[in-house]
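The values are calculated or read from the model by the stated rules, or taken from the named source; none is laboratory data. Keep in mind that what you see is a predicted model, and the values were worked out from it rather than measured. Neighbour counts run over all protein chains shown; Cβ positions are idealised from the backbone, glycine included.
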Amino acid sequence: MSKILAITGAGAMSQAMRQINPDVVPAFPITPSTQVVEDFSQFVADGLVDTEFITVESEHSAMSACIGASIAGGRVMTATSSAGMALMWEMLYVASSMRQPVVLTLINRAMSAPINIHADHSDSMGARDAGWIQLYSESNQEAYDNLIMAPRIAEASDVRLPIMICLDGFIISHCVQTMQMEDDDKVREFIGEFKPAYSLLDTENPVSWGALDLQDYYIEHKRAQHMAMQNAKESIKLVSEEFYQCFGRKYELFESYCLDDAERVIIAINSIAGEIKEVVDDLRNKGEKVGLLKIRSFRPFPYEEIAESLKSAKIVTVLDRSESMGAYGPLFTEIRTALFDVPDRPMVYNRMFGLGGRELFMSDIQNIFEESNRYLENGKVEKVFDYLNVRGG
Amino acid sequence: MNDKYKLKDWQELPIGGVVPEGGNSADYETGTWRTNRPLWYEENCIQCLTCWVFCPEGAILLKDGTKPNGQPRKEIKEINLFHCKGCGLCAKECPVNIKGNKIAIELVKEEI
Amino acid sequence: MRKFFEVRWHGRGGQGTVTGAKSLSEAVQGTGKYVAAFPEYGPERRGAPLRAFNRFADEMIRIHTPVQNPDVVIVVDPTLIGSPDLLEGITPDTIFIVNTEKSAENTKQSLSINSQKLYTVPANKISFQLFNKEIPNSALMGTFAKACGNIISIDKLLEESEQIFAKNLGSELVDRNLEAIKKGYESGEEI
């Protein structure tokens with residue numbers, strides 16, 4: 001039976017892992033993702049899953065063990081945050097390039113220094129080129145749903161890429177929220193069996209992994225990987241549609257909230273979308289044409305679809321929660337690229353917010369819409385890039 | 001070079017750089033690396049197979065034969081020059097060569 | 001009518017404040033409301049002042065920011081009385097629930113509040129009697145049911161709490177916690 005319950009985001013992720021019942025989970029704890037694997041290790045100890053749980057000595061080893069177990073033919077999951085993923089760095093590329101559909105829960109946390117444990121997206125945005133599918137989640141429910149869909153999306157035969165499900169540290173991971181948890185059997189039926197392309201343990205059909213690949217082949221392998229990531233877009237759509245048929249919650253590559261006739265649009269990622277929706281509702285009640293576009297799939301990035309959705313927009317504010325020192329925010333550069341080919345493209349500008357967990361209140365979001373209104377009336381964006389809620393301006 | 005090792009387009013590649021079969025190094029010609037060629041003198045060879053043990057490429061090929069007393073044994077058939085890299089270990093380890101009266105296997109400069 | 005019913009807890013690290021907020025949300029979840037509970041994580045130091053929050057609503061709660069205008073302020077540690085942080089963003093309708101053995105009149109003065117409704121409860125004393133240590137959160141949940149019966153009745157709170165506690169505690173500790181809730185409900189004094 002599915003049930004409504006109050007649970008933390010991290011707790012919801014461990015419940016999804018229990019339902020998926022992966023073959024192997026190698027893990028190393030780091031705040032704020034610790035509760036995911038802590039709860040899961042309890043499920044292992046209680047015999048609720050058949051998983052081989054490996055307590056490794058570092059995140060580098062965690063990802064290495066994930067890759068090894070995946071190559072052996074297992075369905076593999078782990079979780080980490082921030083510095084933990086940074087230590088996995090080398091192996092992130094190995095996982096994606098060896099085309100292993102490893103599933104990672106990434107609880108977004110700021111990169112040090114100064115040391116900080118709170119939410120921003122500098123960890124996952126830094127890994128945007130590592131060849132992993134990246135799905136982002138606004139709430140506990142979305143994070144749970146994304147994780148249930150993750151193995152199917154990643155394991156599709158024309159994709160076979162690792163996937164990370166991202167959610168904001170503490171804001172979502174440690175917040176008790178009401179959500180619907182689906183029935184164990186129904187989830188397991190939805191997930192199905194993992195059928196690896198090749199298995200290292202298949203001694204009847206021996207294969208070699210990790211061969212040297214120089215000028216004569218490396219670029220062809222990268223070209224094939226690029227295609228797989230393109231295919232992931234279709235896989236995300238297909239699995240999301242099937243999820244909707246099964247469980248009744250609809251997901252697309254991005255969420256369009258009051259976008260149809262919106263003139264002023266905010267584009268954002270993860271939990272801040274909740275506050276933006278509240279403000280959009282308030283302003284809509286006052287007759288203002290405002291809307292939100294919330295990114296779900298950042299890799300692959302849906303350029304054409306986003307351009308299509310912003311046809312009526314006159315001005316777009318892109319909120320980035322990750323610095324790219326010396327450049328605009330990573331989301332902004334993608335959005336501006338997506339808009340370049342749109343005839344009568346809207347004005348677009350970038351605001352940096354929330355680094356290291358700094359709050360952005362609903363009043364701040366109202367201010368953003370007021371500012372974009374001013375820019376629209378003046379026909380000119382005064383500051384393409386600026387910080388929000390920072391002392392000293 | 002075997003035709004199946006013709007360079008492939010990216011669409012034809014096995015996923016993730018996998019080599020989807022075993023034992024295919026036999027198809028790879030390492031004989032082109034050779035600057036010294038081994039010559040084997042069957043008349044001086046005592047069929048001890050020390051060279052077969054030491055050869056890193058498996059280039060010493062064997063056949064079935066018989067001992068002078070009629071018992072079956074393996075004997076050297078030939079040296080496989082498709083794989084032999086000319087390292088010279090066979091000649092260095094050969095006990096006939098070490099004894100010094102005769103030469104059973106020797107390396108000579110490859111010449112075109 | 002406000003969209004959210006919001007609670008702000010003020011305690012110190014190690015007193016079970018965060019657990020109290022989470023348990024309260026889990027219990028109110030049982031009434032069919034949408035809930036949220038989250039702490040304000042700073043450096044996690046035993047004894048340092050900390051805050052935790054609850055939101056209850058009849059629809060999905062989409063906001064995550066700290067509670068700015070609380071409907072209820074719960075003071076878990078009596079030594080925090082007098083801190084100006086307790087009064088941040090309060091309205092004339094804000095209800096205070098304070099863990100103290102002092103009289104309600106006296107407490108009202110120390111808090112420097114005027115029109116706001118105040119409940120006092122000797123939650124440390126109740127806890128000490130039942131557990132031989134100071135974990136005041138269960139008793140404070142009981143007082144919450146007295147002050148905010150419109151959110152959760154004492155009967156429903158006891159019913160839900162039994163299940164919530166049973167997930168982590170043995171039956172004897174569950175019973176003692178339920179007893180603490182009852183005592184908190186009974187000894188809550190309104191002014």
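Remarks
- For the range A:361-393, the tally of residues that are more than 25 Å from the chain's Cα centre (by Cα), closer than 20 Å to A:Ala273 by Cα and of a type in the set (D, E, K, R) stands at 2.
- Residue in the range A:353-368 that is within 21 Å of A:Asp129 (Cβ to Cβ), among the β-branched types (Val, Ile, Thr) and touching a strand residue (DSSP E or B) at 6+ places or on another chain (Cβ under 8 Å) present: no
- Count - residues of the range A:78-104 that are closer than 12 Å to A:Ile30 by Cα and out of contact with any Pro (no Cβ under 7 Å at 6 or more places or on another chain): 8
- Residue within the range C:83-98 that is crowded, with 18+ Cβ neighbours inside 10 Å and part of a helix (DSSP H, G or I) present: yes
- Of all residues in the range A:326-341, those satisfying the criterion of being out of contact with any helix residue (DSSP H, G or I) (no Cβ under 8 Å at 6 or more places or on another chain) and over 20 Å from A:Leu292 (Cβ atoms) are A:Gly326, A:Phe340.
- Residues of the range A:201-213 that are within 10 Å of chain B (Cβ to nearest Cβ) and either touching a residue at least 24 places away in the same chain (Cβ under 8 Å) or not in a loop (DSSP other than H, G, I, E, B) (or both): A:Ser208, A:Trp209, A:Gly210.
- Matching residues in the range A:311-335 - criterion: being at pLDDT 95 or above, part of a loop (DSSP other than H, G, I, E, B) and on the phi < 0 side of the Ramachandran plot: A:Ala313, A:Lys314, A:Arg321, A:Ser322, A:Glu323, A:Ser324, A:Met325, A:Ala327, A:Tyr328, A:Gly329
- A:Arg358, sole failed condition from (1) within 21 Å of A:Asp386 (Cβ to Cβ); (2) in contact with a Ser or Thr (Cβ under 6 Å, 6 or more places away or on another chain): (2)
- Residues that are within 19 Å of A:Leu201 (Cα to Cα) and out of contact with any Phe, Trp or Tyr (no Cβ under 7 Å at 6 or more places or on another chain) are absent from the range A:78-92.
- Lone qualifier among A:Met227, A:Met179 - being in contact with a helix residue (DSSP H, G or I) (Cβ under 9 Å, 6 or more places away or on another chain) and more than 14 Å from chain B (Cβ to nearest Cβ): A:Met179
- Residues in the range B:65-109 that are surrounded by fewer than 12 Cβ atoms within 10 Å (Cβ to Cβ) and touching a residue at least 40 places away in the same chain (Cβ under 8 Å): B:Pro95, B:Val108, B:Lys109.
- Annotation: of all residues in the range A:182-200 being exposed (fewer than 12 other Cβ atoms within 10 Å of the Cβ) and closer than 19 Å to A:Arg99 by Cα, the one that is nearest to the other protein chains (Cβ to nearest Cβ) is A:Lys195.
- Listed by first and then second residue, the pairs with beta-carbon distance under 6 Å, at least 6 apart or on different chains, first residue in the range A:45-60 and outside the structural domain of A:Trp89 (by TED's automatic domain parsing), second surrounded by 14 or more Cβ atoms within 10 Å (Cβ to Cβ), form an empty list.
- The residues of the range B:47-76 that are β-branched (Val, Ile, Thr) and closer than 18 Å to B:Ala104 by Cα, listed by number, are B:Thr50, B:Val53, B:Ile60, B:Ile76.
- Positions within the range A:86-117 being away from chain B (no Cβ under 14 Å), in contact with a Lys or Arg (Cβ under 9 Å, 6 or more places away or on another chain) and closer than 25 Å to A:Glu334 by Cα, in sequence order: A:Val103, A:Asn108
- In the range B:14-31, of all residues being in contact with a Lys or Arg (Cβ under 9 Å, 6 or more places away or on another chain) and either over 30 Å from A:Gly73 (Cβ atoms) or aliphatic (A, V, I, L, M) (or both), the one that is farthest from the other protein chains (Cβ to nearest Cβ) corresponds to B:Gly31.
- Meets criteria (touching a Phe, Trp or Tyr at 6+ places or on another chain (Cβ under 8 Å), hydrophobic (A, V, I, L, M, F, W, C) and within 14 Å of chain B (Cβ to nearest Cβ)) for A:Ala127: no
- Residue in the range A:140-149 that is under 19 Å from A:Ser81 (Cβ atoms), surrounded by 15 or more Cβ atoms within 10 Å (Cβ to Cβ), away from chain B (no Cβ under 14 Å) and in contact with a Cys (Cβ under 8 Å, 6 or more places away or on another chain) present: yes
- Within the range A:285-334, being among the aromatic types (Phe, Trp, Tyr) and within 18 Å of the chain's Cα centre (by Cα) holds for A:Phe298, A:Phe301, A:Tyr303, A:Phe332.
- Single residue of the range A:1-28 satisfying the filter (more than 14 Å from chain C (Cβ to nearest Cβ) and of a type in the set (D, E, K, R)) that is farthest from C:Val28 (Cα to Cα): A:Asp23
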